[in-house]
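Just so it is clear, none of the values below were taken in a lab; they were calculated from the coordinates. Computed from a predicted model, the values in this text were never measured in an experiment. For neighbour counting, all protein chains shown are included, and Cβ atoms are generated from backbone atoms with ideal geometry for every residue, glycine included.
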């Protein structure tokens, strides 16, 4: 087989985990192609803020040589957290950003993805390539099959394609299961000018209210953009039972206002005054301890490998996976041994993090406004020290 530096690595999925891996691989001189089913970098909204932790997301950006560029875009003030009483609207919990070694500044997911994309060599990403399956060839390589396109062979195929990965079935029969909780997402634009009372309520970061197992949250992004999240314990097909068309924003809004009836008007205005439609996001997880028997030529990272509840560590973990895989490839003379070394490092860490997420879910009471920074630091410590 050719030397490692002439091998061709395919990454399926142009999310931040896959792009971190691609950037770090190119930093070491490796040939890499990213395949993304979406038609362009701007095909859809990329999501809200991310807080990048020092030992995970920030460490990955250092490996990728992009830490200073990240710092120029990051917003430390976005770490502010306000907890409100759901009925009175009174401030009952307040966390302000702190300086120091544990500082985890926020960045818009779209800005971070743009930073990673712009760092790659031209034509690294092939847009509009929907992966269908992958099969091991038998000589340590793998064949990547596309929907409506010819298949291609690679020395390594990395599944970075999220919860419903098309690459995972080549390694594991596991599929995500529904947690029983759904997030319904909407947004407001130009909030400081158009909705100053809401801007004041939200502050620089996130505002959260909980009652009876229900949650309303709003998160400030850059440019006066606010993401709004309604969290409810619901059947997976809740909208069918409610007779709702999820494309009918007025009907979904009216339904949610009925569900949250009795909550403070300022919180309800997050739903009443939203500018967009509503996105239904049922929460799924992979089994704790999800693993697979090593298959030469194929591996996974991020949610494709270890889908967890949205406690703020998934993106950090995906980026660390990508950086670790690239580092292993760069430091091992044999590609297959590099991938095996990566999996032996990543899988125990993912198991520890998934168990920590499950423990945290069990410990939270329905009406508690979680100390987000403390919880995330706890999870961060667990994933970095799986023996604990």
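Using only the Cα atoms of the stretch 230-283, each taken as one equal point scatterer with no solvent, compute I(q) by the Debye sum, divide by I(0), and report log10 of the ratio at q = 0.20, 0.30 Å⁻¹.
The computed values of log10 I(q)/I(0) come out as -0.74, -1.43.
Roughly speaking, what is the stretch gain from residue 149 to residue 247, that is 0.36 nm per residue apart minus the C-alpha to C-alpha distance, in nm to one decimal?
32.2 nm
Among 169, 122, 310, which one shows the highest mean-square fluctuation when the chain is modelled as a Gaussian network with alpha-carbon springs under 10 Å?
Checking each option, the largest mean-square fluctuation is seen for 122.
Based on the Kirkwood radius over alpha-carbon pairs, what is the Stokes-Einstein translational diffusion coefficient of the stretch 1-141 at 20 °C with 1.002 mPa s viscosity, in µm²/s?
Here the translational diffusion coefficient equals 123 µm²/s.
Alpha carbon centre of the stretch 143-208 versus the stretch 280-327: separation in Å?
Each part's Cα centre sits 12 Å from the other's.
Among 352, 147, 74, which one shows the highest mean-square fluctuation when the chain is modelled as a Gaussian network with alpha-carbon springs under 10 Å?
Maximum fluctuation in the GNM of the chain, among the listed residues, is at 147.
Taking 7 Å along the Cα-to-C-beta vector as the label spot, tell me the residue 62-residue 93 distance in nanometres, rounded to one decimal.
Placing both labels 7 Å beyond Cα along the Cβ direction yields 3.0 nm.
Tilt of helix 372-384 relative to the longest C-alpha principal axis of the chain, in degrees (0 to 90, nearest 10)?
20
Would you mind checking the tilt of helix 314-331 against the longest principal axis of the Cα atoms of the chain, expressed as 0 to 90 degrees and rounded to 10?
20
Relative to the longest principal axis of the chain, what angle (0 to 90°, nearest 10) does the C-alpha long axis of helix 109-119 take?
30
Which residues does a label at residue 197 reach in the stretch 272-289, if reach means a backbone N under 14 Å from a point 7 Å past the Cα toward the Cβ?
272-274
Equivalent ellipsoid semi-axes for the chain, as square roots of 5 times the alpha carbon gyration tensor eigenvalues: give them largest first, rounded to whole Å.
37, 22, 20
Could you work out how much longer the chain between residue 71 and residue 40 gets when fully extended? Use 0.36 nm per residue separation minus the Cα distance between them, nm to one decimal.
Result: 8.6 nm gained on full extension.
Counting only Cα, what are the radius of gyration and maximum Cα-Cα distance Dmax of the stretch 177-284, in Å?
So, for the stretch 177-284, Rg and Dmax equal 13.5, 42 Å respectively.
Taking springs between alpha-carbon atoms closer than 10 angstrom, which of 25, 81, 268 fluctuates most in the Gaussian network model of the chain?
Per the Cα network of the chain with a 10 Å cutoff, 268 tops the list.
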